[in-house]
Amino acid sequence: MQSDWIGAAAENFRKGRRGFEPKAIVIHIIVGSLESAGLTFRDPRSSVSAHYGVGKSGNVHRFVQETDTAFHAGIVVQPTWRLIDPKVNPNFYTIGIEHEGQPQDAWPDEQYRASAALVREIAGRWKIPLDRDHVIMHREIRASKTCPGSADIDRLIREATAVG
Ligand SMILES: [Zn+2]
């Protein structure tokens, strides 16, 4: 799929995955523009990053390689995710996708479409099943956050499964 490489500051991600492979995809909301996410991830003081960002118009930005560890879901608070490994930082075995917008926003069709295509691509590369155990919301790892807000994960999985 069409995407733009933006990158992230070396301080905001870790090379490699300590031997782990991605087994799930974590969905986030930026609470701002796609541009603002790129600026934050390139700021060496922010200590945060994600692998991808999807804009409201369906544009995709890449920040961190899938084989590297982005800092997007490393804080675990009362997790409800069934497959969480309590002994390992979730960043080592997940891929993070940010989405442009505010938590209460209804995602435009283009954003769902692009995110679904991206999810399908990632899932294919790493043999990740397209279901609710493997495509999850950030707040299922960190209950103290509302992230990703009102995003419809079932729709995302449905579209990812249907993408031809
Ligand atoms: Zn998040």
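Observations on the model:
- Top of 65, 102, 78 by mean-square fluctuation, Gaussian network on the chain, Cα under 10 Å: 78
- For the stretch 79-85, putting each phi into the Karplus relation 6.51 cos²θ - 1.76 cosθ + 1.60 with θ = phi - 60° gives couplings of x, 10, 6, 4, 9, 5, 9 Hz, in residue order, rounded to whole numbers and with x for Gly and Pro.
- Positive minus negative residues near residue 75 (Lys, Arg vs Asp, Glu; Cβ under 10 Å): +2
- If you run the Gaussian network model on the chain, springs between alpha carbon atoms under 10 Å, then out of 67, 40, 80 the most flexible one is 80.
- Taking only the Cα atoms of the chain, the ratio Rg/Rh comes out at 0.92, with Rh defined as the Kirkwood radius.
- Under 14 Å, Cβ to Cβ, from residue 52 - net charge with Lys/Arg +1 and Asp/Glu -1: -3
- For the listed peptides 125-138, 50-63, a ranking on the average number of other beta carbons within 10 Å per residue, highest first, reads 50-63, 125-138.
- Mean Kyte hydropathy of -1.0 or more with a Cα span along the axis of at least 20 Å, helices from DSSP in the chain: 109-126
- Average Cα contact separation per residue, the chain, under 8 Å, 6 or more apart, as relative contact order %: 31 percent
- Per residue convex hull volume, Cα atoms of the stretch 105-158, in Å³: 73 Å³
- Positive-end residue, the chain charge dipole about Cα centroid, Cβ charges, pick of 137, 2, 83: 83
- Near residue 28, once Lys and Arg are set to +1 and Asp and Glu to -1 for all other residues with Cβ below 10 Å from its Cβ, the sum equals +1.
No value in this document is a laboratory result; all are computed from the given coordinates. Treat the numbers as computed from the prediction; the structure is a model and nothing was measured. Cβ sites come from the backbone with ideal geometry, for glycine too, and all protein chains shown count toward neighbours.
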